[in-house]
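Worksheet: one structure, shown below.
The values are calculated or read from the model by the stated rules, or taken from the named source; none is laboratory data. Please read all numbers here as calculations on a predicted model, not as lab measurements. Cβ coordinates were reconstructed from backbone atoms using ideal geometry, including for glycine residues, and neighbour counts include every protein chain displayed. Note: areas computed on protein heavy atoms with side chains; ligands, DNA, RNA excluded. Shrake-Rupley method; radii C 1.70, N 1.55, O 1.52, S 1.80 Å.
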There are 2 protein chains.
Amino acid sequence: MPKSDTLALYKRFTDRMRALADVKNTMALLQWDQETYMPAGGARFRGQQLATLAEMAHGMETSKALGRLLEKLLDRTDLPERERKNVALTYENYQKASKYPPSLVKALTLAANHCFMAWIQARRENRFAIFAPELEKMIALKKQEAEILGYVAQPYDALLDQHERGLTTETLEQIFPELKKHLTLLLSEIRQKPQPSDAFLHTFADRQQQWDFGIYLLQSIGFDFQKGRQDLSEHPFTTSFSPHDVRVTTRIHETEPATMIWSCIHEGGHALYEQGLPADQYGLPAGQAASLVIHESQSRLWENCIGRGLSFWTYHYPELQKRFPASFQNITLEDFYKAINLVKPSLIRTEADELTYHLHILIRYEIEKKLINENLSVKELPELWNALYAEMLGVNVPDDVHGILQDVHWSHGSLGYFPTYTLGSLLAAQWWQQLLQDIPYLEEALSRGQTAIVLDWLRKNIHSQGSLYTAQELCQQITGKPLHVEAFASYARDKFTRLYA
Amino acid sequence: MPKSDTLALYKRFTDRMRALADVKNTMALLQWDQETYMPAGGARFRGQQLATLAEMAHGMETSKALGRLLEKLLDRTDLPERERKNVALTYENYQKASKYPPSLVKALTLAANHCFMAWIQARRENRFAIFAPELEKMIALKKQEAEILGYVAQPYDALLDQHERGLTTETLEQIFPELKKHLTLLLSEIRQKPQPSDAFLHTFADRQQQWDFGIYLLQSIGFDFQKGRQDLSEHPFTTSFSPHDVRVTTRIHETEPATMIWSCIHEGGHALYEQGLPADQYGLPAGQAASLVIHESQSRLWENCIGRGLSFWTYHYPELQKRFPASFQNITLEDFYKAINLVKPSLIRTEADELTYHLHILIRYEIEKKLINENLSVKELPELWNALYAEMLGVNVPDDVHGILQDVHWSHGSLGYFPTYTLGSLLAAQWWQQLLQDIPYLEEALSRGQTAIVLDWLRKNIHSQGSLYTAQELCQQITGKPLHVEAFASYARDKFTRLYA
């Protein structure tokens, strides 16, 4: 039992952290609104409002008073372990955040706003030139940020570390080539087999019906609509204002119901994680989502291991057929299962199959390294992009909307982010392997719609831990092994060899 | 031309005010979201987030540094007049805001949140008992607030002053009895005439069709959807995050299209005002809406003087008939005009006619005085409410949803607010009188759908002034007379004598 003055100190610390979280979660609402409902004219003042709040949050995060409080608390060995970790991790973040001059924080927020609005317009008009000057400014700021944060080998390492603590190019250079080797082999085998038809996936499906089915899917995987909601946006995303208010978005194309279906399951996976965080630890490391790699391991597990699995659709396919008879009534479950796992190099990352997806990431990774480490000019991006897509995926990029302009991330200043998608997939495969081992009747349960046993497992093993552990630590704790390529490689080989038998 | 160090000082002042406005406008977004899209579970953390931001805003508003800056600027006679007024009015607000201890600011914000959520639930379950304990706490806080702010005669005066600078019970005791006298006489005359039928107003109208017509109306009066949007909420309201992002809400009942129509025009009137404020004065008195009385004079002018006028509907009625043929195809414009101006004492304030409306306000006013000045207990409210409705309006209140629970205001802590609705109506009648005088062809223009000439007049005379003048000052400037009852009395006598001829 901690002493009373330790408790009083700790209370002062949590009060500060709660207020900081209130400001950050309010910023998340400003952003959510910007991407869902805000009228176009609101952009200028919205950008300014976000910048003001970012400055305030930064001030709170780096306040000397917080620093002193943390330094006192670091010595209090009478605190229980979780509380000690809350203090230590916050102190680490305090030191990192203190490196930023307030002017850079403000500049980054403003740039993100301008860059995002330019991206929206550039997509609408299919003109990369609208986006380029804003992106150029953003890259310059990210380079500045990398210098301020510091790095051992290359500036890009500083940006990787922002998204996954301790992640470096060196680590990726061990993982990515091995993954590429496995993928290349598997893809070349698949290419020699007869390809299933997925024509029925590209047929008309009413917008409202699609929306309703998305809600049905979210409900079925356990998304709590008392503590969250879904809306539409240009690019699907998940955000959270507290574990009791988690928002997902999706997009609907009338002839591409698959886009909506797997974006719902994917964002739903992120959202289940956020809804599962301990609410009594709001604002503290123990109440926050861990790294992006862990986050992505949640969405990928639901989207792919479960949501593209035969068991899941054994239960849900009749419902899909009932709701969209024109598209699916004459299609067997087996043909549907083959179609939704069709491996086919394509242009859009978010619509890629489970295997070629990672080639999109490897391309981004190569480009980001060049942008940050090697002074690649933004003007050269479309050309380089198109060349890499031709080389690695064998596809021709017809225009920038289907190429360099497809993703929102850079406009937010998220560089060094894309690699976490692939690491998340690798980790998802490790969770999946462990789940199958821990719950022998898992596939059977999924084929009866009982995803709750997965959610329970995730809640207990992952969600309840907040950000107390890194991806590596959590992986070791839960699976007894480090993060590695093999689980994914064997999952993929297994699944796709059977599919293409 | 002001000296350069004056300009530098003034710039420091405007930077602070802009940041303060950013925080306040962000709070407005938190509230807008709470009343439109927030899932029920989000309430607890949302309340906390609002409280944190309110505390920050209060800290900025009352910061000693701001005070010192303002005191220096008050002496700078080289500032132009508008800038001097910005400084003087901000200093006045600074002194008022500095009276509040931060604990009270936080308590009021938290109480408003709990009270609002209780009100929502109480309405849903038709149980005043759910709302009562939260309202009791709110009233206690408002009394505390009145004592802190100070007053000459009665605590209620302090609350009136919050919504209209300088307004007192004494002033209202001069205006309200005179208004009541005029109304009583006119209503007794009307009661003796044959009453038109308005049955066709209470027929089925498809929700989506209603929504579309609401958007059409907003567009037709000049609401700029590039700088605003409409959504649904329990209780219609207008809010603004900048002059470039103004949000209105409405509600739709399938058999009461009139509810939607006049709520759209009413809120649209508020919104046109917000969209018309000078964007370059964002965060400063010259860029803010003036008092609630002025705000309500805008909404009432559009809702009643224009939106329940024969000229307006001469243009729009064919469109209404086209969209809702089942309800209106066999109804003449004249019968429609009579029906939408039917005078009939009723239960719900927001659906009351132009005349009996003010009796609802007089009742609220009597009750508020008793709550704040005379220790009326919250438990006694339903009984008192129902007795006053029987006495003054001659209607029996069947349940609290149609009685004491009908309005959101008290749940927000808005006491002393209701009287501004009536003062706003009086002022609207004065604007209307002046408009008719300034633009002789006004009715003719309205009957051709040309409301832009009204909007131009309002923009020039009122919107562009921000909050530099009080209602009284603006009224004197524009009409050459003080705020008075006669304009409304003669407008009402004129209109309703003709309607009931």
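Specify the residue that is most open to solvent (accessible area, probe 1.4 Å); the eligible residues are those in the stretch B:216-252 that are of a type in the set (Phe, Trp, Tyr) and out of contact with any Lys or Arg (no Cβ under 9 Å at 6 or more places or on another chain).
Let us first name the residues in the stretch B:216-252 that are of a type in the set (Phe, Trp, Tyr), namely B:216, B:223, B:225, B:237, B:241.
With out of contact with any Lys or Arg (no Cβ under 9 Å at 6 or more places or on another chain) added as a condition, the list becomes B:223, B:225.
Working: B:223: 8, B:225: 57 Å².
Within the stretch B:216-252, the match that is most open to solvent (accessible area, probe 1.4 Å) is B:225.
Taking the stated definitions as given, is residue B:198 away from chain A (no Cβ under 14 Å) and either small (Gly, Ala, Ser) or within 25 Å of residue B:306 (Cα to Cα) (or both)? First the steps, then the outcome.
Values: away from chain A (no Cβ under 14 Å): yes; either small (Gly, Ala, Ser) or within 25 Å of residue B:306 (Cα to Cα) (or both): yes.
Yes: the conditions hold for residue B:198.
Using beta carbons and a limit of 7 Å, which pairs, at least six apart or on different chains, have the first residue in the stretch B:329-356 and farther than 18 Å from residue B:401 by Cβ and the second one of a type in the set (S, T, N, Q) and part of a helix (DSSP H, G or I)?
Listed by first residue and then by second, the contacts come to B:329/B:321; B:333/B:314; B:354/B:304.
How many residues does the stretch B:183-215 hold that are out of contact with any Cys (no Cβ under 6 Å at 6 or more places or on another chain) and open to solvent by less than 70 Å² (accessible area, probe 1.4 Å)? Don't jump to the end; show me each part of the working.
Narrowing the stretch B:183-215 to residues out of contact with any Cys (no Cβ under 6 Å at 6 or more places or on another chain): B:183-213, B:215.
Remaining after also requiring open to solvent by less than 70 Å² (accessible area, probe 1.4 Å): B:183, B:186-190, B:196, B:198-201, B:203, B:205-206, B:210-213, B:215.
So the count comes out to 19.
Name, by its number, the condition in (1) within 11 Å of chain A (Cβ to nearest Cβ); (2) at pLDDT below 95 that does not hold for residue B:104.
The single condition residue B:104 does not satisfy is (1).
Residues are listed down the side, and each one gets a yes or a no for (1) among the hydroxyl-bearing types (Ser, Thr, Tyr); (2) in contact with a helix residue (DSSP H, G or I) (Cβ under 6 Å, 6 or more places away or on another chain); (3) open to solvent by 30 Å² or more (accessible area, probe 1.4 Å):
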| position | (1), (2), (3) |
| --- | --- |
| A:53 | no, yes, no |
| A:58 | no, yes, no |
| A:69 | no, yes, no |
| A:75 | no, no, yes |
| A:82 | no, yes, yes |
| A:97 | no, yes, no |
| A:100 | yes, no, yes |
| A:104 | no, no, no |
| A:109 | yes, yes, no |
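Give the stretch A:114-123 a look and list any residue that's touching a Phe, Trp or Tyr at 6+ places or on another chain (Cβ under 7 Å) and either of a type in the set (Ser, Thr, Tyr) or surrounded by 22 or more Cβ atoms within 10 Å (Cβ to Cβ) (or both), or say none. Give the steps one after another, and end with the answer.
Within the stretch A:114-123, the first condition is being touching a Phe, Trp or Tyr at 6+ places or on another chain (Cβ under 7 Å), and the residues that meet it are A:118-119, A:122.
Residues satisfying the conditions are A:119, A:122.
Would a scan of the stretch B:405-422 turn up a residue that is more than 22 Å from residue B:270 (Cα to Cα) and either in contact (Cβ under 8 Å) with a residue 40 or more places away in the chain or within 22 Å of the chain's Cα centre (by Cα) (or both)?
Here is the first cut: in the stretch B:405-422, the ones more than 22 Å from residue B:270 (Cα to Cα) are B:405.
Adding the requirement that they be either in contact (Cβ under 8 Å) with a residue 40 or more places away in the chain or within 22 Å of the chain's Cα centre (by Cα) (or both) leaves B:405.
Looking for residues that are more than 22 Å from residue B:270 (Cα to Cα) and either in contact (Cβ under 8 Å) with a residue 40 or more places away in the chain or within 22 Å of the chain's Cα centre (by Cα) (or both), one finds at least one in the stretch B:405-422, hence yes.
Do you know which of the residues in the stretch A:84-95 that are open to solvent by 50 Å² or more (accessible area, probe 1.4 Å) and without any contact (Cβ under 8 Å) to a residue 24 or more places away in the chain is nearest to the chain's Cα centre (by Cα)? Steps first, please.
The initial filter retains those residues of the stretch A:84-95 that are open to solvent by 50 Å² or more (accessible area, probe 1.4 Å), namely A:84-85, A:92-93, A:95.
So of that shortlist, the ones also without any contact (Cβ under 8 Å) to a residue 24 or more places away in the chain come out as A:84, A:92, A:95.
Details: A:84: 28, A:92: 23, A:95: 25 Å.
Selected residue: A:92.
Note down all Cβ pairs under 7 Å where the first residue falls in the stretch A:367-387 and is part of a helix (DSSP H, G or I), the second is modelled with pLDDT of 95 or more and among the aromatic types (Phe, Trp, Tyr), and they're at least six residues apart or on different chains.
Qualifying pairs under 7 Å: A:367/A:385; A:368/A:156; A:368/A:418; A:369/A:156; A:372/A:156; A:373/A:156; A:382/A:128.
Take the residues in the stretch A:124-150 that are outside any helix (DSSP H, G or I) and modelled with pLDDT of 95 or more; name whichever of them is least open to solvent (accessible area, probe 1.4 Å).
Looking only at the stretch A:124-150, we keep the residues that are outside any helix (DSSP H, G or I), and these are A:126-127, A:150.
With modelled with pLDDT of 95 or more added as a condition, the list becomes A:126-127.
Details: A:126: 62, A:127: 123 Å².
Selected residue: A:126.
Restricting the search to the stretch B:22-50, which residues are of a type outside the set (S, T, N, Q) and farther than 23 Å from residue B:282 by Cα? Break it down stepwise before answering.
Keep residues of the stretch B:22-50 that are of a type outside the set (S, T, N, Q), which gives B:22-24, B:27-30, B:32-33, B:35, B:37-47, B:50.
Within the stretch B:22-50, B:35, B:37, B:38, B:39, B:40, B:41, B:42, B:43, B:44, B:45, B:46, B:47 qualify.
Could you please give the count of residues in the stretch A:334-348 that are under 16 Å from residue A:495 (Cα atoms) and either charged (D, E, K, R) or open to solvent by 20 Å² or more (accessible area, probe 1.4 Å) (or both)? It would help to see each step written out before you state the result.
Taking the stretch A:334-348 first, the residues under 16 Å from residue A:495 (Cα atoms) are A:334-344.
Narrowing the set further to residues that are either charged (D, E, K, R) or open to solvent by 20 Å² or more (accessible area, probe 1.4 Å) (or both) leaves A:334-335, A:337-338, A:342, A:344.
Residues that pass the stated criteria total 6.
Would you confirm whether any residue within the stretch B:402-409 is at pLDDT below 95, assigned to a helix (DSSP H, G or I), outside the structural domain of residue B:47 (by TED's automatic domain parsing) and not basic (Lys, Arg)?
There is at least one residue in the stretch B:402-409 that is at pLDDT below 95, assigned to a helix (DSSP H, G or I), outside the structural domain of residue B:47 (by TED's automatic domain parsing) and not basic (Lys, Arg).
Considering the stretch A:22-55 alone, what residues qualify as being closer than 20 Å to residue B:230 by Cα, touching a residue at least 40 places away in the same chain (Cβ under 8 Å) and of a type outside the set (Phe, Trp, Tyr)?
Passing the criteria: A:29, A:31, A:34, A:35, A:36, A:43, A:46.
Could you identify the single residue in A:271, A:279, A:290 that is within 14 Å of another protein chain (Cβ to nearest Cβ) and open to solvent by 10 Å² or more (accessible area, probe 1.4 Å)? Quick ask: steps written out before the conclusion?
Working: A:271 fails: open to solvent by 10 Å² or more (accessible area, probe 1.4 Å); A:290 fails: within 14 Å of another protein chain (Cβ to nearest Cβ).
After applying the criteria, what remains is A:279.
Can you find, within the stretch B:3-16, the residue that is nearest to the other protein chains (Cβ to nearest Cβ) among those that are open to solvent by 20 Å² or more (accessible area, probe 1.4 Å) and in contact (Cβ under 8 Å) with a residue 24 or more places away in the chain?
B:16
Please tell me if residue B:373 is more than 30 Å from residue B:470 (Cα to Cα), among the polar types (S, T, N, Q) and either at pLDDT 95 or above or assigned by TED's automatic domain parsing to the domain that holds residue B:235 (or both).
Values: more than 30 Å from residue B:470 (Cα to Cα): no; among the polar types (S, T, N, Q): yes; either at pLDDT 95 or above or assigned by TED's automatic domain parsing to the domain that holds residue B:235 (or both): yes.
No: the conditions fail for residue B:373.
Restricting the search to the stretch B:383-400, which residues are under 24 Å from the mean Cα position of the chain (by Cα) and within 19 Å of residue B:130 (Cβ to Cβ)?
B:385, B:400
If I ask for residues that are small (Gly, Ala, Ser) and crowded, with 19+ Cβ neighbours inside 10 Å, which ones from the stretch B:456-501 would you list? Walk me through it before giving the result.
Quick first cut of the stretch B:456-501, residues small (Gly, Ala, Ser) only: B:464, B:466-467, B:471, B:480, B:487, B:489-490, B:492, B:501.
Passing the criteria: B:466, B:467, B:471, B:487, B:489, B:492.
Pick from A:34, A:48: which is assigned to a helix (DSSP H, G or I), within 11 Å of another protein chain (Cβ to nearest Cβ) and open to solvent by 30 Å² or more (accessible area, probe 1.4 Å)?
On the way: A:34 fails: open to solvent by 30 Å² or more (accessible area, probe 1.4 Å).
Result of the check over A:34, A:48: A:48.
Which of the residues spanning the stretch A:17-31 are among the small types (Gly, Ala, Ser) and within 8 Å of chain B (Cβ to nearest Cβ)?
From the stretch A:17-31, those among the small types (Gly, Ala, Ser) are A:19, A:21, A:28; that's our starting set.
Residue satisfying the conditions is A:19 alone.
For the stretch A:425-501, which fully contained helices (runs of 4 or more DSSP H) count at least 2 residues that are of a type in the set (D, E, K, R)?
Values: elements: A:442-446, A:452-461, A:471-479, A:486-499.
Ranges flagged: A:442-446, A:452-461, A:486-499.
Look at residue B:326 and say whether it is within 14 Å of chain A (Cβ to nearest Cβ), touching a Phe, Trp or Tyr at 6+ places or on another chain (Cβ under 9 Å) and surrounded by fewer than 20 Cβ atoms within 10 Å (Cβ to Cβ). Step through it out loud before you land on a result.
Numbers: within 14 Å of chain A (Cβ to nearest Cβ): no; touching a Phe, Trp or Tyr at 6+ places or on another chain (Cβ under 9 Å): yes; surrounded by fewer than 20 Cβ atoms within 10 Å (Cβ to Cβ): yes.
It is false that residue B:326 is within 14 Å of chain A (Cβ to nearest Cβ), touching a Phe, Trp or Tyr at 6+ places or on another chain (Cβ under 9 Å) and surrounded by fewer than 20 Cβ atoms within 10 Å (Cβ to Cβ).
For residue B:75, which of the numbered conditions (1) away from chain A (no Cβ under 14 Å); (2) at pLDDT 95 or above fails to hold?
Unmet condition: (2).
In the stretch A:9-43, which residues are of a type in the set (D, E, K, R) and at pLDDT 95 or above?
From the stretch A:9-43, those of a type in the set (D, E, K, R) are A:11-12, A:15-16, A:18, A:22, A:24, A:33, A:35; that's our starting set.
Selection gives A:11, A:12, A:15, A:16, A:18, A:22, A:24, A:33.
Based on this model, can you work out whether residue B:425 counts as touching a Phe, Trp or Tyr at 6+ places or on another chain (Cβ under 8 Å), surrounded by fewer than 20 Cβ atoms within 10 Å (Cβ to Cβ) and not aliphatic (A, V, I, L, M)?
On the way: touching a Phe, Trp or Tyr at 6+ places or on another chain (Cβ under 8 Å): yes; surrounded by fewer than 20 Cβ atoms within 10 Å (Cβ to Cβ): no; not aliphatic (A, V, I, L, M): yes.
So residue B:425 fails the test.
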